[in-house]
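**Q** Can you keep this structure in mind? I'll have questions shortly.
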Amino acid sequence: MSDSVAAHPAAVPRVAIIHYWLVTMRGGERVLERICELYPDADIFTHVVDHDALSQVLKRHRIFTTSIAKLPGARKHYQKYLALMPRALEELDLSAYDLVISCEAGPAKGVITRPDAVHVTYCHSPMRYIWDQYHAYVGAGGRGAKLFLSKVAPRLRIWDHASASRPDLIMANSHFVRRRIRKFWGREATVVYPPVDVEQFHQSDAVSDEFIWVGQLVPYKRPDIAVDAFTRSGRKLHVIGDGSMLADLKKRGGPNIRFTTRMKFDQLREAYATARALVFTAEEDFGIIPVESQAAGRPVLVYGRGGGTETVVDGVTGLYIPEQTAEAVMETLDRFDIWLPGFDPAAAILQAQNFTRARFVEGFSAAVKVATRRVFGDGAGSNAAD
C-alpha cells in the first residue's frame, strides 16, 4: 500500500497508529493490540511488517509501511537500516489524521502531523541501544555492532532528542522509563502501565520445588547469572525461552538445569502456577513476566532495579536481587528459603490486579483527553479523543 491515504469526510475522526516494526508478537505488540481495540478503525504505519507473525487483532487493520520496507532484506535485517528510519518516518503523509498515536521503542515518534492534530506517544523505552545501554549492546554485538553503532548513534541521539518535542503528550510504561524520558528527551511523561491479561492465570495447589526463568535468552536479560547461581547451589531451575545464548547456557548449566525453548500458553500458565518462584534477572523497562507470575499466585525474585521494583513488592510478593551477579542470586535464594513460609499467594494475586486491561484503558484514554485539551483548549473542540 502507498504511504498516502485519502481523507475520510471531515466529520469522521481519523486515527493513525505508528509502531516501530511488526515482525513478532511480544510485549509491545500486545500493548498495540489493546490500543487497536480502543480504535478499531485506525490505520497502522510501521517500518516493516511480517503479516504471518501478526495476531488476528492486528490483521484486521490496514497496515502501511515506510520506505524502509522497500530496501533489500529489510523484513529480516531492518536493524541495519536504523540510520534511515528518521527520514522514512518524516516522509509519511499523515495529514488526513486527527489523532496520531506513536508506540516508541524503536524510532516511531518522529512523524510530522498537522498543527491541529493530536499526537500522543506511548513509550516502552527510549532506544536503549543509543542511550543508557549503548555500551552493553556494543560489547555484546562484537566488532560489527561497535562499528555500526559508533557511526549511527551520535546523529540518531540528536534526532531522537529533537523529535521528542513533536508529541503533545508522552506516556511512559513505568516510572523507570519516565525518569529515562526526562533524562534523555527533556520531557515529562504520564505513567500508564501496560495491560496484562491477569485473568488468564490461575493458582495451583501442586507447587513443585523447581524455580523458573522465563524470557528471551539474550545478554541484557542476564540468564547467565541465574544458570550459574542454580548450578552452584544445586537447586532446580527450568529455563523457558530461546535466543542467542541458548547453546552457551546449556554448556555451563548443571544437571539440575533444564531448558524448554517453546511452550504453548496453557503450558506456560501451568509452569507459572506450579513453580516454587520466578527468577527475573533483567533490568526491564516494565516487565510483564513478573506480573504474570504473581497473577498465578507465585512469588518473584526480581533484580532490584528497573520496572520490576514497580510490579513486585519486596518482602510481600517477592524479594529483590541486589546486584546482577550469580553471588547475589544465591544470597537471595538463601533469604527466600527463610522468607517463603510467610508468603501469601493472595497478596501476589492482588498486586497483579494493578496492571489489568481496564486500568490501561482508563489511563490511556485519560491521557488522550489531556493531550486534546492541550491542543484545542478546554472550550475548543476536536473529536480526536472520542
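**Q** Mind checking the angle between helix 357-376 and the chain's longest principal axis? C-alpha axes, 0 to 90 degrees, to the nearest 10.
**A** In the chain, helix 357-376 runs at an angle near 30 degrees to the longest axis.
**Q** Out of ALA271, ALA172, ALA346, any idea which swings most in a Gaussian network model of the chain, alpha carbons joined below 10 Å?
**A** ALA346
**Q** Between VAL218 and ASP334, 0.36 nm times their residue separation minus their Cα-Cα distance comes to what? Let's see the in-between values first.
**A** On the way: separation 116, 0.36 × 116 = 41.76 nm, distance 2.62 nm.
Separation in residues times 0.36 nm, less the Cα-Cα distance, equals 39.1 nm.
**Q** Hey, in the GNM for the chain with a 10 angstrom Cα cutoff, which one of THR24, THR121, THR260 fluctuates hardest?
**A** THR260
**Q** I need the calculated FRET efficiency for the pair ALA145 and ARG30, taking r as the beta carbon distance and R₀ as 35 Å, to the nearest 0.05.
**A** 0.80
**Q** Suppose R0 equals 25 Å; then what is the FRET efficiency for ASP248 and ASP132 from their Cβ-Cβ distance, rounded to the nearest 0.05?
**A** On the way: r = 25 Å, r/R0 = 1.00.
So, using R0 = 25 Å, E works out to roughly 0.50.
**Q** If you don't mind, another one. Give, as ranges by residue number, the residues of segment 23-59 whose backbone N falls under 18 Å from the point 7 Å along Cα→Cβ of PHE265.
**A** 24-38, 52-59
**Q** Hey, got a sec? Which GluC sites (Glu not before Pro) in segment 18-55 land in a DSSP loop and have at most 16 other Cβ atoms within 10 Å?
**A** Values: sites: GLU29, GLU33, GLU37; in loops: none.
Filter output for segment 18-55: empty list.
**Q** Still on this structure: Of LYS59/LYS151; LYS76/LYS264; LYS151/LYS250; LYS76/LYS236, which pairs sit farther than 26 Å apart, going by alpha carbon to alpha carbon? Mind showing how you got there, number by number?
**A** On the way: LYS59/LYS151 36 Å; LYS76/LYS264 24 Å; LYS151/LYS250 35 Å; LYS76/LYS236 36 Å.
Beyond 26 Å between Cα atoms: LYS59/LYS151; LYS151/LYS250; LYS76/LYS236.
**Q** Need the C-alpha centroid separation for segment 191-248 versus segment 254-276, integer Å.
**A** Segment 191-248 and segment 254-276 have Cα centres separated by 8 Å.
**Q** Something else about it: For the pair GLU188 and ASP93, how long in nm is the line joining their label points, each one 7 Å along Cα→Cβ?
**A** 3.8
**Q** Specify the residue with the greatest mean-square fluctuation among ALA282, ALA69, ALA247, computed from a Gaussian network of the chain linking alpha-carbon atoms under 10 Å apart.
**A** ALA247
**Q** I'd like the distance between the alpha-carbon centres of segment 311-362 and segment 33-92, rounded to an integer number of Å.
**A** Cα centroid of segment 311-362 versus Cα centroid of segment 33-92: 36 Å apart.
**Q** Could you compute the longest span of the chain free of trypsin sites (Lys or Arg not before Pro) located in DSSP loops and having at most 15 other Cβ atoms within 10 Å, not counting the site residues? Can you show the working numbers first?
**A** Details: sites that count: ARG26, ARG60, ARG62, ARG262, LYS264.
The segment 63-261 is the longest one with no such site.
**Q** Taking the 0 to 90 degree range and rounding to the nearest ten, how far is the long axis of helix 223-233 tilted relative to the main principal axis of the chain, both from C-alpha atoms?
**A** 10
**Q** On to the next question. Relative to the longest principal axis of the C-alpha atoms of the chain, give the angle of the C-alpha long axis of helix 175-185, reported between 0 and 90° and rounded to the nearest 10°.
**A** Approximately 50 degrees, to the nearest 10.
**Q** Between GLU199 and ASP344, what is the spin-label point distance in nm, taking each point 7 Å from the Cα along the Cα→C-beta axis?
**A** Label at GLU199, label at ASP344, 2.5 nm between them.
**Q** Of the chymotrypsin sites (Phe, Trp or Tyr not before Pro) in segment 134-207, which ones lie in a loop per DSSP and count no more than 12 other C-beta atoms within 10 Å? Write out the running numbers ahead of the final one.
**A** Details: sites: TYR134, TYR137, PHE148, TRP159, PHE176, PHE184, TRP185, PHE201; in loops: PHE201.
Counting only loop positions with at most 12 other Cβ atoms within 10 Å, none of the chymotrypsin sites (Phe, Trp or Tyr not before Pro) in segment 134-207 qualifies.
**Q** What distance in nm lies between label points placed 7 Å from Cα along the C-beta direction at ALA366 and LYS76?
**A** Going from the ALA366 label point to the LYS76 one covers 4.6 nm.
No value in this document is a laboratory result; all are computed from the given coordinates. Predicted model, so just to flag it, every value in this text is computed and none were measured. Neighbour counts are summed over all protein chains in view; Cβ atoms, including those assigned to glycine, are modelled from backbone coordinates with ideal geometry.
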